[in-house]
Structure formats: C-alpha cells, structure tokens
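Asker: Sending over a structure as structure tokens; questions will come in a sec.
The values are calculated or read from the model by the stated rules, or taken from the named source; none is laboratory data. No experiment lies behind these values; they were computed from the predicted model shown. Counting neighbours? That spans all protein chains shown, and the Cβs are built from the backbone with ideal geometry, glycine included.
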Amino acid sequence: MERFRHISQNLHPYALCAVWVPLIITQVVLAFALPQSGSPTLRWVGVVVWWTSAFFGWAPMIVLRRRGGVPKGKSYVHTTQLVDSGLYAVVRHPQMGTAGLLLSLGLMLFTQDWISVALGLPAMALLYLDLFLADQRLIEKFGSAYRDYMQRVPRVNFVAGLLRLTCTRKAGRQ
C-alpha cells in the first residue's frame with residue numbers, strides 16, 4: 001500500500017480514469033455493434049448484471065444530493081459531508097467502483113466476445129486501482145472519519161457490504 005501511495009502521488013488524479021473509461025465506452029459500443037452469439041443464458045445474466053450496475057450508477061446521484069451537504073447549484077459530486085448511510089453503508093464506491101466493474105463484467109457476459117474481454121479485464125483492473133486513489137483523496141477531504149468509514153464498509157463488494165450491514169443491525173437489536 002505504501003508503494004502504491006508513492007506512485008499515486010506522482011500520478012495525475014484522472015490518469016487511470018483516462019484509460020479505463022474509453023475501454024468501457026468501447027465495450028458498450030461493441031455490445032451494440034457485434035452480432036449476438038454464444039449462450040443466451042449468459043447473455044441474460046449479462047443484462048441482469050448490467051441493470052444492477054445501472055442502479056449503483058444512478059442511486060448515488062440522489063443519495064449524495066440529499067445527504068452530502070451539496071451547495072445549492074452545485075453538482076452532486078461536490079459533497080461537503082461524509083455520507084455513510086443508505087447505499088454508502090453497503091459500499092464506499094457505488095458509482096465509480098461497483099457500477100463500473102459490474103458494467104464491464106455485464107458487457108463481457110452479454111457480448112461473449114474476446115474483444116470485449118480484452119477491453120474489459122484491463123478496464124476493471126485500472127478502475128479498481130483508481131479506487132485506491134479515490135480513497136486517498138477522500139482521506140485528504142474527510143480525514144479520520146473516512147479512515148473509520150473504510151474500516152466499516154467494503155470498497156465495492158456489495159454482497160459483503162449487505163451481509164456486514166445485516167449482521168451489524170442484528171447485533172444492535174440484541
């Protein structure tokens with residue numbers, strides 16, 4: 001982690017994003033351009049994963065605007081308060097992380113084409129690395145409160161986040 005922190009200090013904040021976003025956009029274009037082939041079941045699984053990514057992509061816009069102390073007239077990304085409830089009690093990076101990873105995976109399952117996989121795997125790896133940079137920026141913005149939040153909530157694993165949240169709530173009731 002320390003080595004990554006050193007590398008990340010010399011990296012432009014949007015360097016990784018400048019690579020993984022075009023890779024995923026190309027996957028989206030290919031999903032509509034390539035002929036449908038392969039397993040229909042996998043294609044449907046890909047659609048379900050894709051729609052799940054849409055939820056994780058759109059929901060933060062509403063949650064952050066309502067709970068993030070966004071100044072009037074500003075975008076939802078200009079939060080002034082750490083949001084750790086609702087969707088953000090399940091995963092720390094629902095939009096960029098969980099949605100992006102699920103979108104890329106869903107596109108690979110939908111197209112079942114080597115080109116989509118060749119674009120998707122590096123996109124997913126770079127996106128995941130970008131989440132470490134996002135965590136560093138959020139530590140700088142919110143300090144120890146964000147460090148505590150990182151201990152409680154998984155980065156992108158919404159299944160683990162839901163299980164953790166459920167167990168925490170059950171323990172609180174007893």
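Asker: Within the range 150-163, count every residue that is under 15 Å from P94 (Cβ atoms) and free of Cβ contacts under 8 Å to residues at least 60 places away in the same chain.
Answerer: 3
Asker: Filter the range 104-127 down to residues that are closer than 17 Å to L34 by Cα and not aromatic (F, W, Y), then give me how many there are.
Answerer: 15
Asker: I've got another one for you. Could you pull out the residue among L121, L107 that is assigned to a helix (DSSP H, G or I) and without any contact (Cβ under 8 Å) to a residue 24 or more places away in the chain? Give the steps one after another, and end with the answer.
Answerer: On the way: L107 fails: without any contact (Cβ under 8 Å) to a residue 24 or more places away in the chain.
The unique qualifying residue is L121.
Asker: Any idea how many residues of the range 126-164 are hydrophobic (A, V, I, L, M, F, W, C), in a helix (DSSP H, G or I) and surrounded by 15 or more Cβ atoms within 10 Å (Cβ to Cβ)?
Answerer: Of the range 126-164, the ones hydrophobic (A, V, I, L, M, F, W, C) are 126-127, 129, 131-134, 138-139, 142, 145, 150, 153, 156, 158-160, 162-163.
Now drop any that are not in a helix (DSSP H, G or I), which leaves 126-127, 129, 131-134, 138-139, 142, 145, 150, 158-160, 162-163.
Imposing the further condition that a residue be surrounded by 15 or more Cβ atoms within 10 Å (Cβ to Cβ) reduces the set to 126-127, 129, 131-134, 138-139, 142, 158.
Within the range 126-164, residues that are hydrophobic (A, V, I, L, M, F, W, C), in a helix (DSSP H, G or I) and surrounded by 15 or more Cβ atoms within 10 Å (Cβ to Cβ) number 11.
Asker: Any residue in the range 86-99 that is modelled with pLDDT of 90 or more, in contact with a Leu (Cβ under 7 Å, 6 or more places away or on another chain), outside any helix (DSSP H, G or I) and within 29 Å of G143 (Cα to Cα)?
Answerer: Yes, the conditions are met somewhere in the range 86-99.
Asker: Among (1) without any contact (Cβ under 8 Å) to a residue 60 or more places away in the chain; (2) closer than 21 Å to Y149 by Cβ; (3) in a helix (DSSP H, G or I); (4) within 15 Å of the chain's Cα centre (by Cα), where does V77 come up short?
Answerer: Condition not satisfied by V77: (3).
Asker: Further, regarding this structure: I'd like the full set of residues that are farther than 14 Å from G106 by Cβ and part of a helix (DSSP H, G or I), limited to the range 42-74.
Answerer: W58, A59, P60, M61, I62, V63, L64, R65, R66, R67
Asker: OK, next. Residues of the range 1-34 being exposed (fewer than 11 other Cβ atoms within 10 Å of the Cβ) and modelled with pLDDT under 90, which ones?
Answerer: Those that are exposed (fewer than 11 other Cβ atoms within 10 Å of the Cβ) and modelled with pLDDT under 90: M1, E2, R3, H6, Q9, N10, H12.
Asker: With respect to F55, determine if the residue is surrounded by fewer than 17 Cβ atoms within 10 Å (Cβ to Cβ) and under 20 Å from V153 (Cα atoms).
Answerer: Spelling it out, F55 is indeed surrounded by fewer than 17 Cβ atoms within 10 Å (Cβ to Cβ) and under 20 Å from V153 (Cα atoms).
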